[in-house]
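Okay, so here's the structure we're looking at.
The values are calculated or read from the model by the stated rules, or taken from the named source; none is laboratory data. Owing to the predicted nature of the structure, the values given are computational and were not obtained by experimental measurement. Positions of Cβ are backbone-derived with ideal geometry, glycine not excepted, and every protein chain shown enters the neighbour counts. Surface accessibility is based on the protein's heavy atoms, side chains included, excluding ligands, DNA and RNA. Shrake-Rupley method; radii C 1.70, N 1.55, O 1.52, S 1.80 Å.
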Amino acid sequence: MGESMKFKRIGIHNFPVPSPQTLGSAGYDLQARLNPSGDLTSEHRQTVFVGQRILVDTGFAAEIPRGMVGLVCSRSGLAVNHGIMVLNAPGIIDSDYRGELKVILYNTGGSRYEFKHGDRIAQLVVVPCYTCAGIEGELDDTARGTGGMGSTGS
């Protein structure tokens, strides 16, 4: 699968290290860590009610390579089947962040959704990120100019 990325386990769980599931997969599956006590024997569950947002631990920190950014994205199946989405999609994971990856889930569906410890709740996509110093000055003219939302037609 090419290059590798380091992950650090946070808390007590038996999740596999996040990795793409196939050679063509863009995302690393992120699972819900719902056992803050480290109890691996019982079924921990969480409910997201309609219109509710919750913050969910994933059990891993990641070392995003420098010059890259991690994007926490919704899983298409959860979105289409249950209306469960990453609220600030994509969530941004900077390359210098070393804390636990967390996911803000939001229920846009028509009914509550219950998931359990270990369920896949989001995906992490790592892409190049160009950054440069910001300076103040006049901007180059373009054909579009200051035309904003809807200005290029329908």
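Taking the 1.4 Å solvent-accessible surface of the chain as the whole, the part contributed by carbon and sulfur is 51%.
What ranking do 69-78, 135-144, 44-53 get when scored by the average of other Cβ atoms within 10 Å per residue, highest first?
Output ranking for 69-78, 135-144, 44-53: 69-78, 44-53, 135-144.
Only helices enter this figure: runs of n ≥ 4 DSSP H residues, each worth -39500 (n - 2.57), summed and divided by the residues of the chain, yield -1000 deg cm²/dmol at 222 nm to the nearest 500.
Let a ≥ b ≥ c be the square roots of the eigenvalues of the Cα gyration tensor of segment 14-93; is it rounded (a/c under 1.5), or, if not, prolate (a/b larger than b/c) or oblate?
oblate
Applied to segment 45-57, the Karplus parametrisation 6.51 cos²θ - 1.76 cosθ + 1.60 on θ = phi - 60° returns per-residue 3J(HN,Hα) values of 10, 9, 10, 10, 7, 3, x, 8, 10, 9, 9, 10, 6 Hz, with x for Gly and Pro. Averaging Cα coordinates gives a centre for segment 1-77 and one for segment 100-123; these two points are 11 Å apart.
Basic side chains Lys and Arg get +1 at the Cβ, acidic Asp and Glu get -1 at the Cβ, and with that the dipole of the chain about its Cα centre reaches some 600 debye. The residues of the chain expose, per residue, 66 Å² of accessible area to a 1.4 Å probe.
Multiplying the sequence separation of residue 114 and residue 44 by 0.36 nm and subtracting their Cα-Cα distance, what value in nm do you get?
This chain segment gains 24.1 nm when fully extended.
Once the chain is represented by equal point scatterers at the alpha-carbon sites, with solvent omitted, what log10 I(q)/I(0) does the Debye formula produce at q = 0.14, 0.15, 0.17 Å⁻¹? Result of the Debye calculation: -0.79, -0.86, -1.02.
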